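*Asks:* Have a look at the structure that comes next, please.
Derivation of every value follows stated rules applied to the coordinates shown; laboratory data play no part. Here the structure is a predicted model, which is why all the values come from computation and not from measurement. Note that we place each Cβ from the backbone using ideal geometry, even for glycine, and neighbour counts take in every protein chain shown.
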Amino acid sequence: MNDAILSLRGLRKSFGDTEIIRGVDLDLHPGERRALIGPNGAGKSTLFHLVSGNLAPTSGEVVFDGQRITGWTPQRINRHGLARSFQITNIFPKLTVFENIRLAVMRQQVGQYTFWRVIDRLAGVRAATEALLEKVRLQSQARTLAGEMSYSEQRSLELAMTLASDPKVVLLDEPMAGMSNEETHYTMELIREVTAGRALLIVEHDMDVVFALADRISVLVYGQVIATGTPQEIRSHQGVREAYLGEEAAA
Amino acid sequence: MTTMRTPLMVAAAALALLGALPLLLPAGLLNASIQALIAALFACAYSLLAGRAGMLSFGHAAYFGVGAFATVHAMNALGGTGLLPTPLMPLAGALGGLGFGLAAGWFATQRSGTAFAMITLAVAELLHAVAPQLKGWFGGESGISTMRAPAWGFGFGSTTQVYYLTLAWVLVSLALLYFHTRTPLGRLTLALRENEHRLRFLGYDVHGLGVSAFALSAMLSGVAGGLQVMGNESANYVVFDAGVSATVVLNSYIGGVGSFLGPALGAALMSFFGFAVSDTTQSWLLYQGVLFVLVMMFMPEGLTGLVSATTRLVARHGFVAVLPLALSAVFAVLLLAGGAVFVVEMLQRLFSQDYRSLARMSGTAPPVLLFGRSWLATALATWIVPAGLLAAGALMTGVARRCHRALVQAASHEAPPSAATLAERALP
């Protein structure tokens, strides 16, 4: 268990008297694709916030790549190699799509205080930005304002921004929400391709995606992981069927 | 191609005009031009923070003033010979502004929105309160005076030489500000305004970005302060006055804080307007305030917003089609302004202390001298003039509205603009 790249140990989070995360232990291994499923309000997004530094846990710890990152700022966690997307689209709506991705690419290539170089002359940044644009099929929208694109296109943009920093661990919060079947399928293949060699933790409501993409699945119910296993094991797990999967598994 | 070349040609023409001003203007107006240039630089420096970075500072007089005093001390250093040759003196202002901006910005940018504005206001007010007590630093009530030492073969005694020195510094500073918009740091400054939260999760230190924008803005405000000291050969603690902070906010927003040269335009126009009007009216501050409110209500993007809206209309419908709208709008504004100014000036005179005591002594309402004529306050004919102007202005406004509606209706038959042109329009 010690070779995990991301470990959550006894993680708890309360808002006032309400305990949302009630002691979560979870190990994510390098190269693993893990899906996190659970009913609405189970605490999936809260768990993402705790891992990525958006919220501080009430108790417990997060160990990432050998270091205890509990209490770190989001930017420090990101620089350490953990990138995430958001359930509610989180982009720069009044900037162009190209600029959105370029901002994400720039951090690693030139850093944030570069005031002596003209950005248009940075060939590496441009090439990386264009490659990402092509990957998420937004080349034709490069000059569109991000906020004027359709919802599913904004999801693709956010995926590109998340991947831009070449992270070791990727956290995706419902990346396919609002996408058509064709887009979902394409994005799933894309996620499979770009997360090769990285660890992935994904929250997704589309069970076809979850079962096709994930190596293993963890089920979160009321702030606790009630089961972890391969898609086959989860499908046949009695507790999961009762607590959550019910209709989907029967269908 | 023409769209690429037009801004360049406008810039070249503006540069030529600025270069030729000393030949065209009498000394008084050239002095006003120096003040306008300084106000323009100050407004552009301010707009880097308020416009691009989206942080509304209410205390930018602090950095202007620190730059001014840093420069005056640099000029008086070494027994009056100065730390630097005279043409390089604003560097001291830059350094002062940068240093103080880094310190104040480090605190202020810990917060955003209202709290940020209040911190900047407090810093400036603090300096304004403390400065008169620190005689050694700020010269007390009387301030500190200095002399421009001759350097590099120039005496810097004439207004023309001071003008060219100021112009050179303003242009270099504006070039620096423009360059900043093209750098990774400049792009991040814009992103900071758009979505600070996302920047964090892309690995950026947003506090550091905020401090960098604050410090750069303070540095160039310091240059502006330094230039003012060079021009006036003195510095006084009144540069920390809240009025200085307020003026740069008004100038920038009237010009259009969202565009690069808008604030410079606004500041230059308001400086000249103030210069021209402040001698002839006591209500100058009222006009400035009313103008600001009107711009904010009807043109939130400032004068540059008006310019770009007009260019868009012309590009879309052609010059001839827009002409009736433009003419009727200009006439409406002139008529309304005429009527309003008449009422304000008349009331200002009627309620002045002089007039009231005069009226009390004579027992009647004596005529008021205005615009080279005398008007009777009690005569109907007097008030028919502004009423007629205002009514005609309202009528013209109606005509302008009708022209605009006709244009829009004509446009609705055409195709809507593509997303690409929309994006281009929104690019800074």
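*Asks:* For the stretch B:210-226, indicate whether the set of residues that are within 14 Å of another protein chain (Cβ to nearest Cβ), free of Cβ contacts under 8 Å to residues at least 60 places away in the same chain and part of a helix (DSSP H, G or I) is non-empty.
*Replies:* yes
*Asks:* So how many residues does the stretch B:168-182 have that are over 12 Å from B:Pro90 (Cβ atoms) and more than 7 Å from chain A (Cβ to nearest Cβ)?
*Replies:* First, the residues of the stretch B:168-182 that are over 12 Å from B:Pro90 (Cβ atoms): B:171, B:174-182.
Next, only the ones that are more than 7 Å from chain A (Cβ to nearest Cβ) stay: B:171, B:174-179, B:181.
Qualifying residue count, the stretch B:168-182: 8.
*Asks:* When residues of the stretch A:221-244 are filtered for being of a type in the set (Val, Ile, Thr), assigned to a strand (DSSP E or B) and within 20 Å of the chain's Cα centre (by Cα), how many remain?
*Replies:* Total satisfying the criteria: 3.
*Asks:* If you go through the stretch B:143-157 one residue at a time, do you hit one that is in a helix (DSSP H, G or I) and of a type outside the set (Val, Ile, Thr)?
*Replies:* Kept after step one, since they are in a helix (DSSP H, G or I), are these residues of the stretch B:143-157: none.
Within the stretch B:143-157, none of the residues are in a helix (DSSP H, G or I) and of a type outside the set (Val, Ile, Thr).
*Asks:* For the stretch B:344-364, give me each residue that is more than 41 Å from the chain's Cα centre (by Cα) and surrounded by 16 or more Cβ atoms within 10 Å (Cβ to Cβ). So that I can check it myself, show each step before the final result.
*Replies:* Residues of the stretch B:344-364 more than 41 Å from the chain's Cα centre (by Cα): B:360-364.
Correct list: empty.
*Asks:* Let me ask something additional. Do you know which of the residues in the stretch B:107-147 that are of a type in the set (Val, Ile, Thr) and in contact with a Ser or Thr (Cβ under 7 Å, 6 or more places away or on another chain) is nearest to B:Ala218 (Cα to Cα)?
*Replies:* Pass one, the stretch B:107-147, residues of a type in the set (Val, Ile, Thr): B:109, B:114, B:119-120, B:123, B:130, B:144, B:146.
Next cut, in contact with a Ser or Thr (Cβ under 7 Å, 6 or more places away or on another chain) only: B:120, B:144, B:146.
Numbers: B:Thr120: 12, B:Ile144: 22, B:Thr146: 23 Å.
Here the answer is B:Thr120.
*Asks:* Being assigned to a helix (DSSP H, G or I) and closer than 16 Å to B:Gly262 by Cα is true for just one of B:Val72, B:Val10, B:Val66. Which residue is that? Before the answer, list the steps.
*Replies:* Working: B:Val72 fails: closer than 16 Å to B:Gly262 by Cα; B:Val66 fails: closer than 16 Å to B:Gly262 by Cα.
When all the criteria are applied, what remains is B:Val10.
*Asks:* Can you name the condition, by its number, that A:Gly124 falls short on among (1) more than 11 Å from chain B (Cβ to nearest Cβ); (2) under 30 Å from A:Ala214 (Cα atoms); (3) surrounded by fewer than 22 Cβ atoms within 10 Å (Cβ to Cβ); (4) free of Cβ contacts under 8 Å to residues at least 40 places away in the same chain?
*Replies:* (2)
*Asks:* In the stretch A:1-116, which strands (runs of 3 or more DSSP E) lie fully inside it and hold 2 or more residues that are under 15 Å from the mean Cα position of the chain (by Cα)?
*Replies:* In the stretch A:1-116, the matching strands (runs of 3 or more DSSP E) lie at A:33-37, A:82-84.
*Asks:* Looking at the stretch A:145-154, can you tell me whether even one residue there is within 25 Å of A:Gly31 (Cβ to Cβ) and either more than 13 Å from chain B (Cβ to nearest Cβ) or out of contact with any Leu (no Cβ under 8 Å at 6 or more places or on another chain) (or both)? Full working, then the answer.
*Replies:* Looking only at the stretch A:145-154, we keep the residues that are within 25 Å of A:Gly31 (Cβ to Cβ), and these are none.
Checking the stretch A:145-154: not a single residue is within 25 Å of A:Gly31 (Cβ to Cβ) and either more than 13 Å from chain B (Cβ to nearest Cβ) or out of contact with any Leu (no Cβ under 8 Å at 6 or more places or on another chain) (or both).
*Asks:* Condition (residue is free of Cβ contacts under 8 Å to residues at least 60 places away in the same chain, of a type in the set (Gly, Ala, Ser) and not in a loop (DSSP other than H, G, I, E, B)) applied to the stretch B:39-58: is it met by at least one residue?
*Replies:* no
*Asks:* If you take the residues of the stretch B:260-291 that are of a type in the set (Phe, Trp, Tyr) and crowded, with 18+ Cβ neighbours inside 10 Å, which of them is farthest from B:Arg349 (Cα to Cα)?
*Replies:* Just the residues of the stretch B:260-291 that are of a type in the set (Phe, Trp, Tyr), to begin with: B:260, B:272-273, B:275, B:284, B:287.
Checking which are crowded, with 18+ Cβ neighbours inside 10 Å leaves us with B:260, B:287.
Numbers: B:Phe260: 41, B:Tyr287: 16 Å.
Going through the qualifying residues, I end up with B:Phe260.
*Asks:* Suppose we filter B:Leu199, B:Leu165, B:Leu185 for residues that are assigned to a helix (DSSP H, G or I), crowded, with 21+ Cβ neighbours inside 10 Å, out of contact with any Leu (no Cβ under 7 Å at 6 or more places or on another chain) and within 10 Å of chain A (Cβ to nearest Cβ); which single one remains? Spell out the reasoning first.
*Replies:* Values: B:Leu199 fails: out of contact with any Leu (no Cβ under 7 Å at 6 or more places or on another chain); B:Leu165 fails: within 10 Å of chain A (Cβ to nearest Cβ).
Criteria check complete, one pass: B:Leu185.
*Asks:* Which of (1) over 32 Å from the mean Cα position of the chain (by Cα); (2) closer than 28 Å to B:Ala329 by Cβ does B:Pro367 not meet, given it meets every other one?
*Replies:* Condition not satisfied by B:Pro367: (2).
*Asks:* Right, here's the next one. On the basis of being among the β-branched types (Val, Ile, Thr) and over 17 Å from B:Val162 (Cα atoms), does B:Val10 make the cut?
*Replies:* Numbers: among the β-branched types (Val, Ile, Thr): yes; over 17 Å from B:Val162 (Cα atoms): yes.
Yes, satisfied.
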